[in-house]
Each structure stands twice: as structure tokens, then as C-alpha cells.
Amino acid sequence: MLLGAVVFLTSLGVVNGQMGVPSDLPWPLTTLIAALAGVAALYARRAWWPLAVVGAVAYVALAMWPPLLVASYLAGTTLRERRTVAACAGGAVAVVGLSTWVSGWLGGERELMTGTFANAALMGVAVVGLPLVLGLWVRARREVLAAARDRADRLEREQVMRAEQARAQERARIAREMHDVVAHRVSLMVMHAGALEVGTSDQRTAEAAALIGDIGREALTNLRDVLGVLRAPAQAVPRGPQPTLADLDELLDRSRALGITLTRHDEGEARAVGLTAERTAYRVVQEALTNVHKHAGETAADVAVRFLPSSLEVVVSNQPPVRQAVPLPESGWGLVGLRERVELVGGTLHAAPRPDGGFELRARIPA
């Protein structure tokens, strides 16, 4: 729209003598020609040759140079083959030569402007040559920039693919290590627990062995899910139902069977708080009891589940250990990972020793 208006107004200025040679034709006819040039310029982004035709006719008949100038620039930005560029330049030379002949035939001010060879050559360079060269340079620059962008995009895609491949290889290596070391050892533990359960005559020992076997089999199931995720990160791996607050009593019973005196307190009106909040609360209690087993051994602990108006609070606190537990290997990432899990759902986690020598872990989860 703007280009059409500019071509129309400048063409009128040229034929009215303000920016060129005044025409002897009636002003309605010159206005019509300028309007045709403006309309052709309006659609020049789709096809530039109508503007070139109108510009050639207007330049020969009226020395109206704006349409031809714009058409030369657009031709330079569009043409790609040397033959078409040469044909365009040859056509421009023919138009300039014809305009020179017409100027000499008409005489007057137009002959002074474009009638001589020097003036014609100067006008041809200004109206056709320079815009055409500028258009060719602009097209070449666009192609160079486009090629640079394509190359950068291709390098970025290749870098992402290499990173994905490296991650996949690392995940596969971790999965192999976990299978060869962890899964093998846990399987041996389960088999020995089963043999102990069958071979012992003591009822309490058989119950403890059965509990160890159940825990080991559950660990193998969870480990299989983790290995499936590591081996096939881009595929949906079927997973079993995740534990919620409904499974909390079973978790507490297992800890009681291992020698911890546990008391559960539910405060507030129990209500549905969402599966994400319940799963997070279950993992908080699980990690807290694991730490009690590792560091406190046989002791007493309280598990409080509080249904607050806008959140679910879980508090696990244990008494000082009666008998120090045998130190177990640990990764050091238990509480760090638990804090990340809680904060991921918008909650907060606080863990600190108590003044009496015990330990307290408190998590508040949005519900």
C-alpha cells in the first residue's frame, strides 16, 4: 500500500514538472498513467513485470521515471539466472534509447534532460542501472543470511542430536550397571530370605524372612520400572499404581516389624487432596522412616498427618535412639531429592535435629 502511494505521488510530481519534465498531455491522462503505475506498484511484490511494462511505457512517453526505477530494483531482488538479468538489462537499454529518440523528436525541456547521449546514459544509470545493481546486492545478501541461518539451525539440530545420543548412551550404561549390581544383589537377598523362611522352625524368624522377601520383591518391581525408564526415555513405560495415603498403614507396619515403635496421628477432617499431594506425602514418610532405620535403629517415632484448610502437612519425629544402629551405606541425596520433590509441587520441607536428641522432618504440601 505504501509503495503504491509513493509511486503514484512521485509520478504525478514528475509529470507536473516538480521533479522532472512537465508534460503537454491533459492532466486527467497523466493522472491515469500515474494511477496505473501506483496500482502496478501495489501488486509488485507478487509480480514485478506489470510495473516494468507500465514504467517502460511511461518513461518513453512522459519521461516518468519512478515506476521504472522501482521495477528495476524489484527485478534485481527477484531475478536469479544470468540470462534473465542480461535480458532485463538489454530491455532497459532499449527503453532508454527509445526515450532518447522520443526526446530528440519532441525537443524542449525534455531534450535538454534526456535527449543527448550523455544525458540519456546518466538517466539510464540512475533510473535502471543503480536500482538493478542494488536489488541484486540485496538478493545476494538475503541468500547469504538465509544460508547462514540454515547452517546455524542445522548445527544446532546436530548438537541437540549429539547431546540426546550421549544422554541415551549414559542412561543405557546406568541401566546396565544397576541391573548387573543392584538387581543381582537384591535378587540374591530375596532368594536367601525365601530359603530362610522355608528352612527355619522359629515362627518369628520366618515372619521376618517373609517381610524381607516382600520388601525385596517390591524393590525389584520398582527397580524394573526405573530401568525401563532409563532404557526407553522416549517411550511410555507402563508403571504400576503409585502409593498414596491409603498405603501408609502398610508402610508403618513394615517399619514396626523391623523394631520401630510407631504411632500415627491424623488431625483435621480427612478429605481428598489429590493424587500428587498424597504420593508426595507417602514419599516423605517413607524417606523419614528410612532415615530412622539408618541412624536411630530401634526407637519410637510419631507420624502426624494434618489436613489443613489449604495444605496437607506431614510430620515425622523420632525419639533419641535406644541402641545406636549399625551404620549403613548412604548416598547423601535422600533429603536433597525429597526436598526437590516437595518443592516441585509447590510445598516446603524442613528437617532438623530436636533438642532432646531426636530428629524431626516436616513437609507442607499444597492440597
Quiz item: What order, most packed first, do the peptides 67-80, 245-258 have when packing is the mean number of other Cβ atoms within 10 Å of each residue?
Solution: 67-80, 245-258
Quiz item: So how much slack lies between residue 143 and residue 256, counting 0.36 nm per residue of separation and subtracting their Cα-Cα distance, in nm?
Solution: 33.3 nm
Quiz prompt | Gain on full stretching of the segment that runs from residue 53 to residue 304 - 0.36 nm per residue minus C-alpha separation | solution = 81.6 nm
Practice problem: Can you tell me how much longer the chain between residue 272 and residue 174 gets when fully stretched, taken as 0.36 nm per residue apart minus their C-alpha distance, in nm with one decimal? | Solution: 31.5 nm
Quiz item: Can you list the residues of the range 247-283 with backbone N under 15 Å from a point 7 Å past the Cα of residue 200, pointing along Cα to Cβ?
Solution: 257-259
Quiz item: With every protein chain left in place, what is the accessible area of residue 150 in Å² (1.4 Å probe, nearest 10)?
Solution: 90
Quiz item: Which sequence of 265, 350, 293 reflects their accessible areas, 1.4 Å probe, from the largest down?
Solution: 350, 265, 293
Exercise. Give the accessible area for residue 276 in Å² (nearest 10); use a 1.4 Å probe, count only protein heavy atoms, and leave out ligands, DNA and RNA.
Key: 80
Exercise. Take each of the peptides 136-144, 307-315, average the number of other beta-carbon atoms within 10 Å over its residues, and list them starting from the highest.
Key: 307-315, 136-144
Quiz item: At a Förster radius of 51 Å, what calculated FRET efficiency corresponds to the Cβ-Cβ distance of residue 224 and residue 150, to the nearest 0.05?
Solution: 0.70
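The values are calculated or read from the model by the stated rules, or taken from the named source; none is laboratory data. Keep in mind the model is a prediction, meaning the values are calculated, not measured. A quick note on method: Cβ atoms are made from the backbone with ideal geometry, for glycine too, and the neighbour counts reach across all protein chains shown. For accessibility, only protein heavy atoms count, side chains too; no ligands or nucleic acids. Shrake-Rupley method; radii C 1.70, N 1.55, O 1.52, S 1.80 Å.
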